[in-house]
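Participant: Below you'll find the structure I mean.
The values are calculated or read from the model by the stated rules, or taken from the named source; none is laboratory data. Since the structure is predicted, the reported quantities are computational estimates derived from the model, not experimental observations. Every residue, glycine as well, gets a Cβ built from its backbone with ideal geometry; the counts of neighbours run over all protein chains shown. Ligands, DNA and RNA are excluded from the accessible area calculation, which covers all protein heavy atoms including side chains. Shrake-Rupley method; radii C 1.70, N 1.55, O 1.52, S 1.80 Å.
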Amino acid sequence: MNIIQTNFPGLCIIEPKVFPDERGFFYESYNQKALAAAGLNTVFVQDNHSR
C-alpha cells in the first residue's frame, strides 16, 4: 500500500498494491497497521478485494 501525503491537512491518497494473475486480481484495500504507520488511526482492521 502506497500512502501519498497531500498539501491539504488530513487528506492523503491511498494506492493499493494490486496482484493480478490469469484468474483476476487481489488487493488489500485497507490495512490498519499500514495506515497507522502513516498516522491514520482508525478502528477497522483489514479489507480485501478479489475478482
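Participant: Taking all protein chains as present, what is the carbon and sulfur share of the accessible area of the chain, in % to the nearest whole number, probe 1.4 Å? All intermediate terms of the calculation are to be shown ahead of the outcome.
Facilitator: Working: 2380 of 4230 Å².
The C+S portion of the solvent-accessible surface of the chain is 56 percent.
Participant: Can you pull the one-decimal nm distance between simple spin-label points at K33 and L11, each 7 Å off the Cα toward Cβ?
Facilitator: 3.1 nm
Participant: Solvent-accessible area per residue for the chain at a 1.4 Å probe radius, Å²?
Facilitator: Heavy-atom accessible area per residue stands at 83 Å².
Participant: Remind me, relative contact order of the chain in percent, using alpha carbon pairs under 8 angstrom and six or more residues apart?
Facilitator: Details: 74 pairs, mean separation 15.1, N = 51.
Relative contact order here is 30 percent.
Participant: Can you quote the Å³ per residue value for the convex hull of the Cα atoms in the chain, rounded to an integer? Could you put the intermediate results ahead of the total?
Facilitator: Working: hull volume 3.7 nm³, N = 51.
Hull volume normalised by residue count: 73 Å³.
Participant: ³J(HN,Hα) across the range 15-32 via Karplus (A = 6.51, B = -1.76, C = 1.60, θ = phi - 60°), whole Hz, x for Gly/Pro?
Facilitator: Going residue by residue, I get 10, x, 7, 9, 10, x, 8, 5, 8, x, 7, 9, 8, 8, 7, 8, 9, 4 Hz, with x marking Gly and Pro.
Participant: Could you compute the FRET efficiency for D21 and F44, with r as their C-beta to C-beta distance and R0 at 30 Å, rounded to 0.05?
Facilitator: 0.65
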